[in-house]
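Heads up: the structure comes next, in structure tokens.
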């Protein structure tokens, strides 16, 4: 197949577009070349992946062809698929994402599962929670979707992130109170049954910041001081004043930070402290009770 398909005046069929895309993406760092090509072409055409193989002879319009090739160029330099198509699935729901927000990741589903486990103990209770550093709103929206009776609040410092989170709540018809500000400052006079956060926890000199998807994600949502714990320290120190009696604080952190985070919980006076592992069997979230 010609490698100058963009300038070829002949209409491009779906099967040709996929073949050319795989050649193009072979120069990228992606280890899911075929899947990337299918997702991007399906997005451009407004069709699912099954359609691509059911109608391989269908031709792309000139506009579709140009759009597809533009997305491929961005994917070749490593831009995440989620940013290219503007959404990512999380815990069975689709969420809008932009470069103002982190991309929801499977490991954060452990945080969701842990919260739902605690809520199930008193399923008749109207639990209140605050999602701190909500980003796309994936955590807050998922919990509200799973537990419609809970009272949901979500906070982020970024106005752009709040706008994305509000859009996601509207998309799934969820009643969530959104506030803009620095961690717990916007709810200075409120207490909750649960405080939940996936805060920045990467060290400022971590070499992984120059690799993979995180190169394109907002640094303010990733980096937290030289040891990655600045924001976690702040959250833990403030949490006691914003939790109801027997309320829970639940924080996601780096896999190497579990022991340190447990000590911070202990120093802040929490009980029933526990660190749970992610799907890769690495320490990922730590919880503690007031």
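Within the stretch 219-252, being under 14 Å from residue 264 (Cβ atoms) and in a helix (DSSP H, G or I) holds for 230, 231, 232, 233, 234, 235, 236, 237, 238, 239, 240.
Given the condition under 18 Å from residue 129 (Cα atoms) and over 22 Å from the mean Cα position of the chain (by Cα), answer yes or no: does some residue in the stretch 261-270 qualify?
Here is the first cut: in the stretch 261-270, the ones under 18 Å from residue 129 (Cα atoms) are 270.
When the remaining residues are screened for being over 22 Å from the mean Cα position of the chain (by Cα), the result is 270.
Yes, the stretch 261-270 contains at least one residue that is under 18 Å from residue 129 (Cα atoms) and over 22 Å from the mean Cα position of the chain (by Cα).
Of the numbered criteria (1) part of a loop (DSSP other than H, G, I, E, B); (2) modelled with pLDDT of 95 or more; (3) not assigned by TED's automatic domain parsing to the domain that holds residue 253, the one residue 27 fails is (2).
All conditions in (1) modelled with pLDDT under 95; (2) over 19 Å from the mean Cα position of the chain (by Cα); (3) buried (at least 16 other Cβ atoms within 10 Å of the Cβ) hold for residue 125, with the sole exception of (3).
Of the residues 110, 139, the single one that is assigned by TED's automatic domain parsing to the domain that holds residue 236, surrounded by fewer than 20 Cβ atoms within 10 Å (Cβ to Cβ), within 21 Å of residue 239 (Cα to Cα) and within 15 Å of the chain's Cα centre (by Cα) is 110. Checking each residue in the stretch 255-290 for being under 19 Å from residue 200 (Cβ atoms), touching a residue at least 40 places away in the same chain (Cβ under 8 Å) and surrounded by fewer than 21 Cβ atoms within 10 Å (Cβ to Cβ) picks out only 278. Sort through 228, 254 and tell me the only one that's within 20 Å of the chain's Cα centre (by Cα) and at positive phi. On inspection, the qualifying residue turns out to be 228. Does the stretch 198-219 contain any residue that is closer than 27 Å to residue 125 by Cβ and either surrounded by 15 or more Cβ atoms within 10 Å (Cβ to Cβ) or over 20 Å from the mean Cα position of the chain (by Cα) (or both)? Looking for residues that are closer than 27 Å to residue 125 by Cβ and either surrounded by 15 or more Cβ atoms within 10 Å (Cβ to Cβ) or over 20 Å from the mean Cα position of the chain (by Cα) (or both), one finds at least one in the stretch 198-219, hence yes. Within the stretch 220-251, the only residue that satisfies the criterion of being in contact with a helix residue (DSSP H, G or I) (Cβ under 9 Å, 6 or more places away or on another chain), without any contact (Cβ under 8 Å) to a residue 24 or more places away in the chain and either over 29 Å from residue 75 (Cβ atoms) or surrounded by fewer than 20 Cβ atoms within 10 Å (Cβ to Cβ) (or both) is 225.
Residues are listed down the side, and each one gets a yes or a no for (1) in the same structural domain as residue 277 (by TED's automatic domain parsing); (2) touching a strand residue (DSSP E or B) at 6+ places or on another chain (Cβ under 7 Å); (3) not in a loop (DSSP other than H, G, I, E, B):
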{"site": "47", "(1), (2), (3)": "no, no, no"}
{"site": "63", "(1), (2), (3)": "no, no, yes"}
{"site": "100", "(1), (2), (3)": "yes, no, no"}
{"site": "104", "(1), (2), (3)": "yes, yes, no"}
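Among the residues of the stretch 164-197, those that are surrounded by fewer than 18 Cβ atoms within 10 Å (Cβ to Cβ) and touching a residue at least 40 places away in the same chain (Cβ under 8 Å) comprise 167, 171, 172, 190, 191.
The values are calculated or read from the model by the stated rules, or taken from the named source; none is laboratory data. Predicted, not measured: the structure shown is a model, and the values here were computed from it. For neighbour counting, all protein chains shown are included, and Cβ atoms are generated from backbone atoms with ideal geometry for every residue, glycine included.
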